[in-house]
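One structure is given here, and the rest of the page talks about it.
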């Protein structure tokens, strides 16, 4: 995988993962996608350890991160990423079902590039993912990108 286009999905809901992958496939980026199902696995992927010790080196360009992950919360994953200088160039977009403004504010104060509420409608969900891809992959618009 080319690290310039690598995408990491950290999501525990298989239906949401599938919808994200369908949208990524429309851009021809599905092969550039890695999926983890809990926060600990996300950290292991990023640090190339455990089951991800043999993954191709290099950081993903974009991480689609659920806030409410098992084992380690998405917010904790984000905080650990932003305190570790090696992940500063990774754009992190939070995908959450939470409508709580406190969650959104906490995500941004912890270093999220964007916060998207998961839509229930398939077409809206697909268009939201495509918008994120356009912003953070195709145009390189992440605030942490160099």
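Throughout, read-outs are computed from the coordinates displayed, never taken from laboratory work. What you are looking at is a predicted structure, and each value in this text was computed from that prediction instead of being measured. All Cβ positions, glycine included, derive from the backbone under ideal geometry; neighbour counts span all protein chains shown.
If you wrap a convex hull around the C-alpha atoms of segment 21-63 and split its volume per residue, what is the figure in Å³? Walk me through the numbers before you get to the answer.
Numbers: hull volume 3.5 nm³, N = 43.
That works out to 81 Å³ per residue.
Order of 123-130, 80-87 by packing, highest average Cβ count within 10 Å first? Before the final figure, lay out each step's value.
On the way: 123-130: 16.1, 80-87: 14.6.
Top to bottom by mean Cβ count within 10 Å: 123-130, 80-87.
Helix-only estimate, please: 222 nm mean residue ellipticity of the chain, summing -39500 (n - 2.57) across DSSP H runs of length 4 or more and dividing by its residues, to the nearest 500. Numbers along the way, then the final one.
Working: 5 runs with 52 residues, N = 146.
Helix contribution divided over all residues of the chain: -10500 deg cm²/dmol.
Where is the GNM fluctuation largest for the chain (alpha-carbon springs, 10 angstrom cutoff): 65, 78, 18?
Ranking 65, 78, 18 by mean-square fluctuation puts 18 first.
For segment 1-65 and segment 72-120, what is the centre-to-centre distance using only Cα atoms, to the nearest Å?
If we compute the Cα centre of each part, the gap is 15 Å.
Give the shape of segment 40-101 as rounded, prolate or oblate, defined through the alpha-carbon gyration tensor: a ≥ b ≥ c are the square roots of its eigenvalues, a/c under 1.5 means rounded, and otherwise the shape is prolate if a/b is larger than b/c and oblate if not.
prolate
For the chain, just run the numbers: alpha carbon Rg, then divide by 2.2 N^0.38 Å, N being how many residues it has. Present the calculation step by step, with values, prior to reporting the outcome.
Details: Rg = 13.8 Å, N = 146, 2.2 N^0.38 = 14.6 Å.
This ratio for the chain stands at 0.94.
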